[in-house]
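The values are calculated or read from the model by the stated rules, or taken from the named source; none is laboratory data. Predicted model only: the values in this text are computed from it and were never measured. FYI the Cβ positions are ideal-geometry reconstructions off the backbone, even for glycines, and counts take in every protein chain you see.
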Ligand SMILES: Cc1cc2nc3c(=O)[nH]c(=O)nc-3n(C[C@H](O)[C@H](O)[C@H](O)COP(=O)(O)O)c2cc1C
């Protein structure tokens, strides 16, 4: 995991580190020094593929959102590869389970504790065959109360922007009774994009610049943060 945080009123431009993360890297380093009462936002990567475009896009998005973080909040990237959830084969539906360690296996209990520790979520997901990836569905279905009533923003990507996976995910998050951000973002790769690779080529960067995707992301972030405040 990688955490960025915003302390009270640093009016100078926020120092944004270089987020170009190697797409072959399975894990992202963590600097986790948030006090427990600090509102915490997690960006969850929907892809568990290697190489994946997800970590590079997470770096891009984090570098846009970090300077906009309200005071005393943090933004952490979660890679599902670091939190493998076993296939759902037994146990009561998570909606009927509450408290510490209510699940039959250690991995899901650890996942529960991690998700409980966050107050809002950005889902950054590709589209796979008109839906969102199965590991993300498993990670969502493994829990229930841990997600409920927390703000959620969906950003999708793909050769057509991942709109169908985006819509499917928003439906699932609504079913989990999350506070879904009205605005969502679709990032469509340029035609020349190598779908097998994890890099974002110049053509795609230029396309997104022309489409003002940075502005769109900032607008979505503002709505997300407003719903986050309303939830507090
Ligand atoms: C199993 C699979 C299914 C895919 N299905 C779609 C699709 O339905 N629509 C689309 O635009 N791209 C599709 N793609 C292309 C992905 O959007 C593209 O490979 C993207 O980079 C995948 O994200 P990732 O690199 O983070 O895993 C698919 C890719 C994979 C691996």
Candidates 62, 76 - the one that is within 14 Å of the chain's Cα centre (by Cα), in contact (Cβ under 8 Å) with a residue 24 or more places away in the chain, over 28 Å from residue 194 (Cβ atoms) and more than 13 Å from the ligand (Cβ to nearest atom): 76
Identify the single condition in (1) under 21 Å from residue 223 (Cα atoms); (2) modelled with pLDDT of 95 or more that residue 81 does not satisfy, given that it satisfies every other one. (1)
For the stretch 202-210, check the following and say yes or no: at least one residue is under 30 Å from residue 103 (Cα atoms) and within 16 Å of the ligand (Cβ to nearest atom). no
Somewhere in the stretch 33-50, is a residue modelled with pLDDT of 60 or more, more than 14 Å from the chain's Cα centre (by Cα), within 13 Å of the ligand (Cβ to nearest atom) and crowded, with 16+ Cβ neighbours inside 10 Å? yes
Hits in the stretch 197-232 - residues which are buried (at least 16 other Cβ atoms within 10 Å of the Cβ) and touching a strand residue (DSSP E or B) at 6+ places or on another chain (Cβ under 7 Å): 208, 213, 216, 217, 220, 224, 227, 228
